[in-house]
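Some notes on the structure that comes next.
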Amino acid sequence: MTGKTPMIKEVAGVRIPDSALAQAATTLALEASPDFLFNHALRSFVFGVLAGQKLKLAFDPELFYVSAILHDLGLTPAWERAERFEVDGADAARDFCLKHNVAPDKAERVWDAIALHSTVGIAPRKGAEAALVQIGAGTDVFGFGVELLALSDIQRVIAEVPRHGFGRKFSDLLVDIARRKAKQHAFTFVAEVAREHVHGFPGPTYKELFAHWAAVVEPGPE
């Protein structure tokens, strides 16, 4: 299989929502994203559902799907704005939901799920959909949460929704956005990638800031 994986009905036994809202979200993600990024978003949904089943979490499948399939919109040229990529994507997804007559409180749940998906320790406190976007995406990118999944399921998901060199291409994408938006991504995992791969990356570390300010306000020995 090559290219993106459009409008499929099921992956590894997980049904893909096919409501008008879900189909519109799929179309938006397909149009905006390169193949490796779209397939990552789809795998994130499937891994999240499988983990949610294991954890016995009650969640809204449609809202979770919209959140997962759109969670990296902020990394695409069409939807990149002035904020860190998670916030750009969250803003775009919330606007999409409101445009499609999703209730404002549900649109905010989508915003939370996307804006917090890379923030460890907070997303699970913002509802099941936010928790599962973080788990699903974390599984696909870092292997977080694999203990919740059967190896056979992981292999089946990747076979049905190929990675297309995701590891290298996603890292390159993060390096590129860090070069252009260093300030917005300070103190995030993007900055960690950038410090290794972007020469002269200006983003400070917590240690550097702490030491600088301590030297200003505590100039001499006590």
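The values are calculated or read from the model by the stated rules, or taken from the named source; none is laboratory data. Since the structure is predicted, the reported quantities are computational estimates derived from the model, not experimental observations. Ideal geometry is used to build each Cβ from the backbone, glycine not excepted, and the neighbour counts take in all protein chains shown.
Within region 95-107, is even one residue in a loop (DSSP other than H, G, I, E, B), in contact (Cβ under 8 Å) with a residue 40 or more places away in the chain, assigned by TED's automatic domain parsing to the domain that holds Val46 and among the polar types (S, T, N, Q)?
No.
Considering region 138-152 alone, what residues qualify as being touching a Phe, Trp or Tyr at 6+ places or on another chain (Cβ under 8 Å) and either in contact (Cβ under 8 Å) with a residue 24 or more places away in the chain or of a type in the set (A, V, I, L, M) (or both)?
Listed by number, the residues that qualify are Thr139, Asp140, Val141, Gly145, Leu149.
Only one of Val141, Val146 is β-branched (Val, Ile, Thr) and closer than 22 Å to Leu70 by Cβ. Can you tell me which? Show your work before the answer.
Numbers: Val146 fails: closer than 22 Å to Leu70 by Cβ.
So the residue among Val141, Val146 that is β-branched (Val, Ile, Thr) and closer than 22 Å to Leu70 by Cβ is Val141.
Within region 106-123, is even one residue among the β-branched types (Val, Ile, Thr), under 19 Å from Val141 (Cβ atoms) and touching a Leu at 6+ places or on another chain (Cβ under 6 Å)?
Yes, region 106-123 has at least one match.
Could you tell me whether any residue of region 188-209 is modelled with pLDDT of 90 or more and hydroxyl-bearing (Ser, Thr, Tyr)?
So far as region 188-209 goes, no, none of its residues is modelled with pLDDT of 90 or more and hydroxyl-bearing (Ser, Thr, Tyr).
Identify the single condition in (1) without any contact (Cβ under 8 Å) to a residue 24 or more places away in the chain; (2) touching an Asp or Glu at 6+ places or on another chain (Cβ under 6 Å); (3) more than 20 Å from Ala182 (Cβ to Cβ) that Arg125 does not satisfy, given that it satisfies every other one.
Against the list (1) without any contact (Cβ under 8 Å) to a residue 24 or more places away in the chain; (2) touching an Asp or Glu at 6+ places or on another chain (Cβ under 6 Å); (3) more than 20 Å from Ala182 (Cβ to Cβ), Arg125 comes up short only on (2).
Residue pairs, Cβ under 7 Å, 6 or more apart or interchain, first in region 179-206 and closer than 14 Å to Thr119 by Cα, second of a type in the set (S, T, N, Q). List them.
Every condition considered, the pairs that remain are Thr188/Ser118; Phe189/Ser118.
Kindly establish whether Asp35 is at pLDDT 95 or above, crowded, with 24+ Cβ neighbours inside 10 Å and acidic (Asp, Glu).
No, not satisfied.
Might you check whether a residue that is in the same structural domain as Phe64 (by TED's automatic domain parsing), touching a Lys or Arg at 6+ places or on another chain (Cβ under 7 Å), at pLDDT 90 or above and surrounded by fewer than 19 Cβ atoms within 10 Å (Cβ to Cβ) occurs anywhere in region 132-144?
Taking every residue of region 132-144 in turn, none turns out to be in the same structural domain as Phe64 (by TED's automatic domain parsing), touching a Lys or Arg at 6+ places or on another chain (Cβ under 7 Å), at pLDDT 90 or above and surrounded by fewer than 19 Cβ atoms within 10 Å (Cβ to Cβ).
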